[in-house]
1. Has the range 125-134 got at least one residue that is aromatic (Phe, Trp, Tyr) and closer than 18 Å to LEU90 by Cα?
2. What about SER121, is it more than 8 Å from the ligand (Cβ to nearest atom), farther than 21 Å from GLY169 by Cα and not in a helix (DSSP H, G or I)?
3. What do you reckon, is SER274 in contact (Cβ under 8 Å) with a residue 60 or more places away in the chain, surrounded by 13 or more Cβ atoms within 10 Å (Cβ to Cβ), on the phi < 0 side of the Ramachandran plot and within 20 Å of the chain's Cα centre (by Cα)?
4. Which condition from (1) under 26 Å from ASP93 (Cβ atoms); (2) surrounded by fewer than 22 Cβ atoms within 10 Å (Cβ to Cβ) is the one that ARG160 breaks?
Amino acid sequence: LKTKVLVFGADGQVGTSFKRIEAKVCSLLNAEVFYSTHLGTSSGEIACDATDLKAVTSLVRSINPQIIINCAAYTAVDKSETDQEVCLKLNRDFPGHLAYLCKSTDAFLVHYSTDYVFDGSGSTPWREGDAPQPVNFYGLTKLEGEKAVQQNTPRHLIIRTQWVYSDHGHNFVKTMLRLAKERSELKVVGDQIGAPTSSDLIANLTTELLVPILRDQNLAGIYNLSASGEVSWHGFAEAIFKGWRKLGGTLAVNTVQSITTDQLPTPAKRPFNSRLNLSKLESVLQKKNPSWQQVLEPVLKKLFDQGF
Ligand SMILES: NC(=O)c1ccc[n+]([C@@H]2O[C@H](COP(=O)([O-])OP(=O)(O)OC[C@H]3O[C@@H](n4cnc5c(N)ncnc54)[C@H](OP(=O)(O)O)[C@@H]3O)[C@@H](O)[C@H]2O)c1
């Protein structure tokens, strides 16, 4: 009998990557996969508004999955400061409800969280057990979501990731390339440090991690997951432009100035130190995570081949 996997948020960055690696999910987990998006699609993705918990219950009951992967979230960090009610529904109530539904059928829940649960102080990479202290409303709701999952079922995997990009959806890489084609000068923040992580890497490593975790409940819990290494947004922008030119792409930009966070006021505060310690993940997977530079290369190539 095949394991039924239900993916929520299937048209987001991470959700789309799960669709791309469906063959790997099916073979590693002996699974068949069902996808849900907010509005549904003609290609078979099931419509479900994640803020409508009754609709969520009936979808989950109708499929009766053994694994739920929640890639849906409220991810507009600045907008969340003023759109608090919807943000809480998506980032706290929805995962909490999924965990409650999973508990009642003994299903396993995969949920995504963020380094924004930390305050970004110091320069040491954050470990899973460090004390969270979010500096913005989005981070607070993601922390509340983690707690809601933990309270409702022990059979969970909470993956804290960061700086997510892909060749699809809205993200820093695509924004930078768009701007660099139009402008000769750009200013990019140089004092926030993290590891840019592709959604393809997240979907792949999540799937690999599920194999040992489903075998051994003691391995369940919170995991950091990002590419390895570290860079500022400014350094990342420079690497994007260098990689694009190496592929033969043309850009108008010739000066990329590094600015401080204070010079770019945003509605939501951002943490300075987004470094995540990867040793827990790497020890369970028994391999080192690829560097952010290695992860960037194929995404740029895909964008270039798509004629971005
Ligand atoms: N992006 C990052 O840099 C980052 C960093 C750290 C952690 N994370 C976490 O990683 C996870 C995946 O992030 P991502 O970048 O893949 O996010 P994303 O691309 O913004 O995707 C989120 C998805 O949630 C869906 N969604 C929003 N409201 C919904 C609703 N009411 N009903 C059903 N679906 C709804 C969106 O669909 P519609 O647009 O159609 O509503 C979208 O497809 C999230 O948990 C996020 O918090 C992301």
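Taken together, the values in this text are just the output of simple stated rules run on the coordinates, not laboratory data. Everything numeric in this text was worked out from a predicted model, so none of it was measured. For neighbour counting, all protein chains shown are included, and Cβ atoms are generated from backbone atoms with ideal geometry for every residue, glycine included.
1. no
2. Judged against the criteria, SER121 is a match.
3. Values: in contact (Cβ under 8 Å) with a residue 60 or more places away in the chain: yes; surrounded by 13 or more Cβ atoms within 10 Å (Cβ to Cβ): yes; on the phi < 0 side of the Ramachandran plot: yes; within 20 Å of the chain's Cα centre (by Cα): yes.
Spelling it out, SER274 is indeed in contact (Cβ under 8 Å) with a residue 60 or more places away in the chain, surrounded by 13 or more Cβ atoms within 10 Å (Cβ to Cβ), on the phi < 0 side of the Ramachandran plot and within 20 Å of the chain's Cα centre (by Cα).
4. With respect to (1) under 26 Å from ASP93 (Cβ atoms); (2) surrounded by fewer than 22 Cβ atoms within 10 Å (Cβ to Cβ), ARG160 is out only on (2).
Yes/no matrix, rows are residues, columns are (1) in contact with a Leu (Cβ under 6 Å, 6 or more places away or on another chain); (2) more than 16 Å from LEU285 (Cβ to Cβ):
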residue: THR175; (1), (2): no, yes
residue: GLY190; (1), (2): no, yes
residue: THR206; (1), (2): no, no
residue: ILE213; (1), (2): yes, no
residue: LEU225; (1), (2): yes, no
residue: TRP233; (1), (2): no, yes
residue: GLU238; (1), (2): no, yes
residue: VAL253; (1), (2): yes, yes
residue: THR261; (1), (2): no, yes
